[in-house]
Amino acid sequence: MIRKLGPNRYRLYSQQRDPKTGRRKNLGTFRTRAEAERHERAVQFFKRRKRGRLAPRPMARAAARGRAPCRPRGRPLWSAP
């Protein structure tokens with residue numbers, strides 16, 4: 001949802017209300033309506049994309065699960081004294 005704030009200001013809000021506060025999330029403030037519409041399309045794209053196609057890197061995935069990521073290959077994590 002795009003609302004006009006004042007001269008040359010548009011704000012993009014979430015379509016759903018927050019159940020706790022009853023307010024909508026602010027998804028950005030833009031100078032033109034075209035910029036706001038472009039960003040809204042990007043938000044919709046990432047909201048509905050398939051997870052399998054653009055999966056995050058393995059280290060980021062492990063960190064997101066709360067586990068320690070595996071050591072990257074190549075250089076050791078510490079140097080011997």
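Brief remarks follow.
- Conditions (1) at pLDDT below 90; (2) under 17 Å from the mean Cα position of the chain (by Cα); (3) not aromatic (F, W, Y); (4) not in a helix (DSSP H, G or I): number failed by R73: (2)
- If the condition is being open to solvent by less than 100 Å² (accessible area, probe 1.4 Å), modelled with pLDDT under 90 and part of a loop (DSSP other than H, G, I, E, B), then the stretch 28-53 contributes R49, G52.
- Checking K25 against (1) more than 21 Å from the chain's Cα centre (by Cα); (2) assigned to a strand (DSSP E or B), the condition it does not meet: (1)
The values are calculated or read from the model by the stated rules, or taken from the named source; none is laboratory data. All values derive from a computational prediction rather than experimental measurement. The accessibility values were calculated without ligands, DNA or RNA, using every heavy atom of the protein model including side chains. Shrake-Rupley method; radii C 1.70, N 1.55, O 1.52, S 1.80 Å.
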